[in-house]
Amino acid sequence: MKSNTELQQLRSLVDTLPNMVALVDASMQYRLINRAYSEYFGYSKQELLGRHAGEALGQAYFNMVERYLAHALQGRSTTWIISHHSPEIGERLLSIKLLPYSMGNKPVRSILFVAEDVTETMRLHQKLAAFKEAQEHKLLKSSKELDQALRSTEYHALKLDDTENADPLN
């Protein structure tokens, strides 16, 4: 068993993580929450600890993720990206990982929830994809124009060659 000092150090470490981290037990009650998690959902740690996850997340959101929670309790890790509306910052894209947590060979009794706001990353990927598509379109257009110019030059060169090789007496 860990000493209180070790537990405090662990909690302090988890608190410094930029990702949202929470630990819920099999009854879906919060057992551990870091600062990023409590700030994102707009609750203090004291307000969340011991509460059912559905209360904090909102029942509609909880219902959407409930099947993933069930998978995690069966020992399967899951990862997905979901759109979530935060009252403070609006619509966000969250990359969520649910990791089964157990002590040794015992059955899974808790779920570690790790989430990262990937909204800006996804926007940058979309901008990059649009930029790439535009550049490919420009390159294709330039390639066609160059091909036409080369064909025209070849045609005129052949005509000029035919003119020079023509019999001047005929």
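The values are calculated or read from the model by the stated rules, or taken from the named source; none is laboratory data. Source: prediction; values computed, not measured. Please note: Cβ atoms are built from the backbone with ideal geometry, for glycine as well, and neighbour counts cover all protein chains shown. Areas reflect the complete protein model, heavy atoms only, side chains present, ligands, DNA and RNA absent. Shrake-Rupley method; radii C 1.70, N 1.55, O 1.52, S 1.80 Å.
Mind checking which residues of the stretch 83-137 are touching a residue at least 12 places away in the same chain (Cβ under 8 Å), part of a helix (DSSP H, G or I) and of a type outside the set (Val, Ile, Thr)?
Residue satisfying the conditions is Met122 alone.
Looking for whichever is within 22 Å of Glu120 (Cα to Cα) and of a type in the set (Phe, Trp, Tyr) here; the options are Tyr68, Tyr30, Tyr101, Tyr40. Which one fits?
From the options Tyr68, Tyr30, Tyr101, Tyr40, the qualifying one is Tyr40.
Go through the stretch 99-136 and give me each residue that's farther than 22 Å from Arg67 by Cα and acidic (Asp, Glu).
Glu120, Glu133, Glu136 - these are the residues of the stretch 99-136 that are farther than 22 Å from Arg67 by Cα and acidic (Asp, Glu).
Which residues, counting only those in the stretch 100-116, are open to solvent by 60 Å² or more (accessible area, probe 1.4 Å) and either basic (Lys, Arg) or under 23 Å from Thr16 (Cα atoms) (or both)?
Of everything in the stretch 100-116, those that are open to solvent by 60 Å² or more (accessible area, probe 1.4 Å) and either basic (Lys, Arg) or under 23 Å from Thr16 (Cα atoms) (or both) turn out to be Tyr101, Lys106, Arg109, Glu116.
Any idea which residue in the stretch 40-50 is nearest to Arg109 (Cα to Cα), counting only those that are surrounded by 15 or more Cβ atoms within 10 Å (Cβ to Cβ) and not hydroxyl-bearing (Ser, Thr, Tyr)?
Ranking the candidates gives Leu49 first.
Given the conditions (1) modelled with pLDDT of 90 or more; (2) of a type in the set (D, E, K, R); (3) open to solvent by 90 Å² or more (accessible area, probe 1.4 Å), report the number of the one that Glu88 does not fulfil.
(1)
Could you grab me the full set of residues in the stretch 4-28 that are part of a loop (DSSP other than H, G, I, E, B) and either touching a residue at least 40 places away in the same chain (Cβ under 8 Å) or open to solvent by 70 Å² or more (accessible area, probe 1.4 Å) (or both)?
Passing the criteria: Leu17, Pro18, Asn19, Ala26, Met28.
Cβ-Cβ distance below 6 Å, separation of 6 or more or different chains: which pairs start in the stretch 53-82 with a residue that is under 17 Å from Ala26 (Cα atoms) and end on one that is surrounded by 16 or more Cβ atoms within 10 Å (Cβ to Cβ) and among the polar types (S, T, N, Q)?
From residues that are under 17 Å from Ala26 (Cα atoms), the pairs are Tyr68/Thr78; His71/Thr78.
Can you name every residue in the stretch 16-51 that is hydroxyl-bearing (Ser, Thr, Tyr) and either under 19 Å from Arg67 (Cα atoms) or at pLDDT 95 or above (or both)?
Those that are hydroxyl-bearing (Ser, Thr, Tyr) and either under 19 Å from Arg67 (Cα atoms) or at pLDDT 95 or above (or both): Ser27, Tyr30.
Kindly check whether there is at least one residue in the stretch 76-85 that is more than 21 Å from Thr119 (Cα to Cα) and either at pLDDT below 90 or open to solvent by 60 Å² or more (accessible area, probe 1.4 Å) (or both).
yes
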